[in-house]
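A short write-up of the structure that comes next.
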């Protein structure tokens, strides 16, 4: 579905006046997005990678340039989160054929993320929709409905919390959750580390989408590590453009935790 035909109302009518003011503003010149990196097109993906390194340098070395920028300020004291976001970016970049040898070594405040957003996740989707009009899109299409948004995140949530996976799926199927609420929940959930067993569960489901492609002969996958199996799933999914996995956040982000 083209973005021109994507007319979803991301927020309730009670907050549309606030949304209109936000969308009238220019997109920040420095931006670390809070939604999954798969939604970013090539230019935005590489741009965020550069800007993240700039923020790390400003914070780590006390540089003055952009030190008072809202995006810089919200990441102060969150070295671990910057490191994880960097991994999210480079694994998405790798999925699209880019090689990155840079590293982010900051580790302060483990398991904690900034408590504030420049814009909430649903507005970030709106900003990308506006930015990408008649331009290159990301790997994952910008969602036009609650159902699409949920479908794109299902395996990522399954890896973290099967109970929440069932609860959210039920809310979506009964139209009991709006886009803004779901977008916020999903963005927050993807910041947490899934368990090894949770990743295995999701990867087993993902393997079912590509196990019959048989591009390179038979494999003894039972002896493989989860990292190797996910890499093979990535390779097969991208080679045949498997329609579900290529639109899934899990295809790149689960590699962060292996």
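The values are calculated or read from the model by the stated rules, or taken from the named source; none is laboratory data. None of the values given here were measured: they were computed from a predicted structure. Positions of Cβ are backbone-derived with ideal geometry, glycine not excepted, and every protein chain shown enters the neighbour counts.
Please list, ordered by first then second residue, the pairs with beta carbon atoms under 6 Å, 6 or more apart or interchain, first in region 225-249 and within 19 Å of residue 137 (Cα to Cα), second modelled with pLDDT of 95 or more and not in a helix (DSSP H, G or I). From region 225-249, the pairs are 247/140; 249/36.
Among the residues of region 186-197, which ones are surrounded by fewer than 18 Cβ atoms within 10 Å (Cβ to Cβ) and either in contact with a helix residue (DSSP H, G or I) (Cβ under 7 Å, 6 or more places away or on another chain) or modelled with pLDDT under 95 (or both)?
192, 193
Determine, yes or no, whether residue 29 is surrounded by fewer than 15 Cβ atoms within 10 Å (Cβ to Cβ) and modelled with pLDDT under 95. Yes. Within region 97-117, is there a residue that is in contact (Cβ under 8 Å) with a residue 12 or more places away in the chain, under 14 Å from the mean Cα position of the chain (by Cα), under 28 Å from residue 241 (Cβ atoms) and surrounded by 14 or more Cβ atoms within 10 Å (Cβ to Cβ)? No, every residue in region 97-117 fails to be in contact (Cβ under 8 Å) with a residue 12 or more places away in the chain, under 14 Å from the mean Cα position of the chain (by Cα), under 28 Å from residue 241 (Cβ atoms) and surrounded by 14 or more Cβ atoms within 10 Å (Cβ to Cβ). The helices (runs of 4 or more DSSP H) falling completely within region 169-257 include none with 2 or more residues that are touching a strand residue (DSSP E or B) at 6+ places or on another chain (Cβ under 8 Å). If you check residue 24 against the conditions, is it out of contact with any helix residue (DSSP H, G or I) (no Cβ under 6 Å at 6 or more places or on another chain), assigned by TED's automatic domain parsing to the domain that holds residue 105 and at pLDDT 55 or above? Judged against the criteria, residue 24 is not a match.
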